[in-house]
Amino acid sequence: MDFAATSPMSETALNAFVQTSKTYFHNTESLHDVGLQAKDLLEHARTSLAKLLNRESEGIYFTGGGSDGNFLAITSLAFGALNKGKGKHIITSAIEHPSVEYALNFLEKNGFEVSRIPVEKSGKISLKLLEDTIRKDTILVTIQHVNSETGFAQDIKQIGDFLADSSILFHCDCVQSFGKWDKDLFNSAIIDSFTISAHKIHGPKGTGAVYISPKVHVIPLLSNVTHERGFKPGTVDLPSIVAFVTAADESIRKQPAHFQHAEEMRKLFLSLILNNKLIVYEGTENSSPFIIPFRLKGVEGQIVMQELNRNQIAVSTGSACKNGQQEPSKALLAVGRTDSEAHGLVRVSLSHQTTKEDIIALGKALNEITNKFLAVREVTWK
């Protein structure tokens, strides 16, 4: 129950990976016939993904995953805008993924200014506050679609429409929503750049993609590199890319059914914990159904995670990119929770592979855990 951290490869994606590894193992930049054949397959994969995204294939760049993609996209957009003399001011939200923060921290050290706007109690940013934060030298807004800790979902179509008439670029981290959210949203939203990842949708790890509109001027951090039209150094992993596009096609085709299944599993979970006053559900009505955030009153999230692990139930206390750092949930702090409450975050994340039996086992385990801690408290109080 930690699918937001990663997911197993689907059979179709795995088969695509194996067959490509056997047949098209050559370097896509080699000039011999088999190298050119590998290049042709790479471009076919790029075109196929572009069609799924309803975007131009020239704007698709394959990356090493979501974190890699966010860093490459945000820095390339920022340096590209700076090169055009447009300014150094960037706007983001207070609850972005660590990989976005890494990129922004890097840019701040290189002379850029970053405004981090708070979110409302719903977890959404205020469009009015975004408007008020814009300056003459604002070049980029980077706002995630679905928060990886809580499932809070931003209205990226509204944000895109608002920024469309300006010269300000809009980047969106779509790692937790691509292949899970209605594809029509991606097809219609006005987004200059977005990041997606393979291993969140039952594709291989270490692979993802960035879309950057061909109309946008970018300057990659590293110059004079060979692969991905100079966007990223290093030989591309063609088998993983083909498996990624295969998984993406499968996920998008089955997205409505998978989304409905996740909603049903979330409803079942909420019904099982409804009468347990020690369990606090931290999601909202518009949160992604694939991510269920909750906490046990007065209990550290790490302790709950360990107790569930003893029951062979794998969950998380937040983003896998920051696990082990023991920091309170940034998203919960942003919506007004105390440090203690934010430390209590537990994240259950679902897939179409999650069964009713899984949810029932989780509910039973949580009720047993709360009873255990209640008993300890009663002994302590006596």
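Extent along the principal axes, Cα only, for the chain: 77, 53, 33 Å, with the longest axis given first.
Ellipsoid fit via the Cα gyration tensor, segment 175-307: semi-axes of 36, 18, 15 Å, each the root of five times an eigenvalue, largest first.
When the alpha carbon gyration tensor of segment 1-120 is reduced to an equivalent ellipsoid, its three semi-axes come out at 34, 21, 13 angstrom, largest first. Taking 0.36 nm per residue of separation and subtracting the current Cα-Cα distance, fully stretching the chain between Glu327 and Ile303 would add 7.2 nm. Name the shape class, rounded, prolate or oblate, that the alpha-carbon gyration tensor gives for segment 110-268, where a ≥ b ≥ c are the square roots of its eigenvalues, rounded holds for a/c under 1.5, and otherwise prolate holds if a/b is larger than b/c and oblate otherwise. Oblate shape, in that a/c is at least 1.5 and b/c is the bigger or equal ratio.
Starting from the Cα-Cα distance between Ser188 and Val216, subtract it from 0.36 nm times their residue separation and give me the gain in nm to one decimal.
Values: separation 28, 0.36 × 28 = 10.08 nm, distance 1.82 nm.
Contour length minus the Cα-Cα distance gives 8.3 nm.
Counting only protein heavy atoms and using a 1.4 Å probe, what share of the accessible area of the chain belongs to carbon plus sulfur, as a whole percent? Let's see the in-between values first.
Working: 8720 of 16920 Å².
Carbon with sulfur: 52 percent of the solvent-accessible area.
Annotation: for a label point projected 7 angstrom from Cα along Cα→Cβ of His32, residues of segment 232-252 with backbone N closer than 20 Å are 235-239.
Loop only by DSSP, 11 or fewer other Cβ within 10 Å of the Cβ. Give me the GluC sites (Glu not before Pro) in segment 280-313 that pass, ordered by residue number.
Values: sites: Glu282, Glu285, Glu300, Glu307; in loops: Glu282, Glu285, Glu300.
Answer by residue number: Glu285.
For an R0 of 35 angstrom, estimate the FRET efficiency from the Cβ-Cβ distance between Glu120 and Asn275 and round to the nearest 0.05. Display every interim value, and only then the final one.
Details: r = 29 Å, r/R0 = 0.84.
According to the calculation, E is roughly 0.75.
By the combined test of axial Cα extent (at least 20 Å) and Kyte-Doolittle hydropathy (mean at least -0.5), the qualifying DSSP H helices of the chain come to 33-53, 66-83, 238-253, 255-273, 356-381. Could you tell me the center-to-center distance, by alpha carbons, between segment 47-126 and segment 184-200 in angstrom? Taking the Cα centre of segment 184-200 as reference, the centre of segment 47-126 is 13 Å away. Nearest 0.05, what FRET efficiency do Asp165 and Thr23 give at R0 = 35 Å with Cβ-Cβ as r? The value I calculate is 0.15. Only Cα sites of segment 244-313 enter the Debye sum here, all with the same form factor; the resulting log10 I(q)/I(0) across q = 0.15 1/Å is -0.66, listed in q order. Output the pairs from Lys88/Lys215; Lys180/Lys364; Lys121/Lys364 with a Cα-Cα distance over 25 Å in this structure; if there are none, say none. From the list (Lys88/Lys215; Lys180/Lys364; Lys121/Lys364), the Cα-Cα distance tops 25 Å for Lys180/Lys364; Lys121/Lys364.
Were the residues from Gln260 through Glu108 laid out at 0.36 nm apart, the gain over their Cα-Cα distance would be 50.6 nm.
Counting only DSSP beta bridges with both residues in the chain, tell me the antiparallel percent, nearest 5. Working shown, then result.
Details: 18 of 34 bridges.
So the antiparallel bridges amount to about 55 percent of the total.
Listed by chain and number, the aspartates and glutamates whose alpha-carbon sits under 20 Å from that of Lys356, ignoring those within fewer than 8 places in the same chain, are Asp2, Glu263, Glu264, Glu368.
D for segment 83-187, whole µm²/s, Stokes-Einstein with Kirkwood Rh over alpha-carbon pairs at 25 °C and 0.890 mPa s: what number?
Values: Rh = 14.3 Å.
Calculated translational D: 172 µm²/s.
Accessible area per residue, 1.4 Å probe, Å², for the chain: what's the number? I get 44 Å² per residue for this part. Taking only the C-alpha atoms of segment 18-70, the Rg (one decimal) and the largest Cα-Cα distance, Dmax (whole number), read 12.5, 34 Å.
The values are calculated or read from the model by the stated rules, or taken from the named source; none is laboratory data. Since we're looking at a predicted model, the values are computed, not measured. Positions of Cβ are generated from backbone atoms using ideal geometry, with glycine treated the same way; all protein chains shown enter the neighbour counts. When the accessible area is computed, the model is the full protein with side chains, heavy atoms only, and any ligands, DNA or RNA have been set aside. Shrake-Rupley method; radii C 1.70, N 1.55, O 1.52, S 1.80 Å.
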